Amino acid sequence: MSATRLPGTPRLLRALNDRAALELLLEQGPLTRARIGELTGLSKVTASQLVERLEERGLVTRVGEQAGGRGPNAQLYAVRPGSAYVVGVDVGAERVVAACADITGAVVGRVEQSTKDTDDPVGVVHNAVVQAASSAGAELSSVRRIVLGTPGLVDPGTGDITFAFNLPRWHSGLLAALREDLHTPVVFENDVNLAAVAEAQSGAAQGTADFVLVWLDAGVGLAIMLGGRLHHGSSGAAGEIGYLPVPGVPIPRDVSKRAKPAFQQLAGADAVRAVAAEHGFAADGAADAVRAAIAAGTAGGPMLDELARRLALGVASTCVVLDPPLVVLAGEVGQAGGAALAERVQHEVAAITLVRPRVVSTGLTEEPILRGALRTALDAVRDEVFGSTVG
């Protein structure tokens, strides 16, 4: 009985080899054809054909020569940065920040705009995206994907915003309006989820497939990463830890009427400032209050202990369900607390539950939501561009 030949197998192999070569060029480039062959295990002839194919499709370009050895110098190749662009957008209650990156991940354009005096979210995003692309010297038509990080719920089925506490003008139907306006794929993602993506890429969660990120800022939030993938829940509400019922504060019966949720009352920025003031560390911002307590040394210990006890109620409730090996404290307060706060939370969680996750402060200092938006966009666009190299 003769073996059945799978249709398209040579084409599939070429596509896989192309993708492997492009990933190598992103990680280690520039490289010569011979070096690409060595690293991928391909013959010199096959590697040369591969490079020619990618060069013809505008995905790689010659960037110089490697001197040394006998004969002519070998050409060096790299991924062509302008083969595609993405835009990431961090949407806040008072400002929108947009950044444009080329396909190598280099950020080549950035713009920041106020949202205080406008009730037109489509116009705000349009202007931010266009200006970010323009500052990068990129045509809008070459922007392959736009990822917006937004507070609140994003419906996993439709991809639209269903609830954003701090952005009342952001509503269902906005996604379709933006796609029609920009003529580009547009994706919404919860802002805390994007911070976790950035943490996994280049922060404290590198190399960890399962972890949770607790966002401590004006509000409190949670991102859940399982098996290297974000967990959104059936309605997109997974991680809305601010609504966790906890002892010690009133539990509102109708959160749709903008009543402050229970855990938010206990551990949000207003609560952090109040705890700090009770211990003699008054400050305008919650993060400033935490930094003042840390700077005070042993005198600031009681304030940090109380904050850790409060945070541990939310962290412990999460961890006894998910049992992650790692918890990352992020946001302005999580970053300000550093190891001093993280170690206290770790100790308190271990004291009140059966699980003992490692608790650490964020490894990122600048714009994690924006970084996560760019990474999410880049991953999708690289799949599209690198996965379609064979005609």
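The values are calculated or read from the model by the stated rules, or taken from the named source; none is laboratory data. Quick caveat, the model's predicted, so the values are computed rather than measured. As a convention, Cβ positions derive from the backbone with ideal geometry for all residues, glycine included, and neighbour counts pool all protein chains shown.
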Next item on the list: Report whether or not Ala93 is of a type outside the set (Lys, Arg), in contact with a strand residue (DSSP E or B) (Cβ under 8 Å, 6 or more places away or on another chain) and modelled with pLDDT under 90.
Entry: no
Check: What number goes with the only condition from (1) surrounded by fewer than 16 Cβ atoms within 10 Å (Cβ to Cβ); (2) farther than 18 Å from Ala84 by Cα; (3) free of Cβ contacts under 8 Å to residues at least 24 places away in the same chain; (4) not hydrophobic (A, V, I, L, M, F, W, C) that Glu56 does not pass?
Finding: (2)
Notebook entry, point to check: Going by the structure shown, is Ala132 modelled with pLDDT of 95 or more and under 30 Å from Leu24 (Cβ atoms)?
Noted result: yes
Notebook entry, point to check: Restricting attention to the stretch 115-145, which residues are among the aliphatic types (A, V, I, L, M) and under 18 Å from Asp90 (Cβ atoms)?
Noted result: Val122, Val124, Val125, Ala128, Val129, Val130, Ala132, Ala133, Ala136, Val143
Check: Among the residues of the stretch 28-37, is there at least one that is hydroxyl-bearing (Ser, Thr, Tyr) and in contact (Cβ under 8 Å) with a residue 40 or more places away in the chain?
Finding: yes
Notebook entry, point to check: How about the stretch 134-169: which of its residues are in contact (Cβ under 8 Å) with a residue 40 or more places away in the chain and either closer than 18 Å to Ser114 by Cα or assigned to a loop (DSSP other than H, G, I, E, B) (or both)?
Noted result: Ala136, Ala138, Leu148, Gly149, Thr150, Pro151, Asp155, Pro156, Phe165, Asn166, Leu167, Arg169
Check: So, of the residues in the stretch 162-209 that are among the charged types (D, E, K, R) and surrounded by 21 or more Cβ atoms within 10 Å (Cβ to Cβ), which turns out to be nearest to Leu148 (Cα to Cα)?
Finding: Glu189
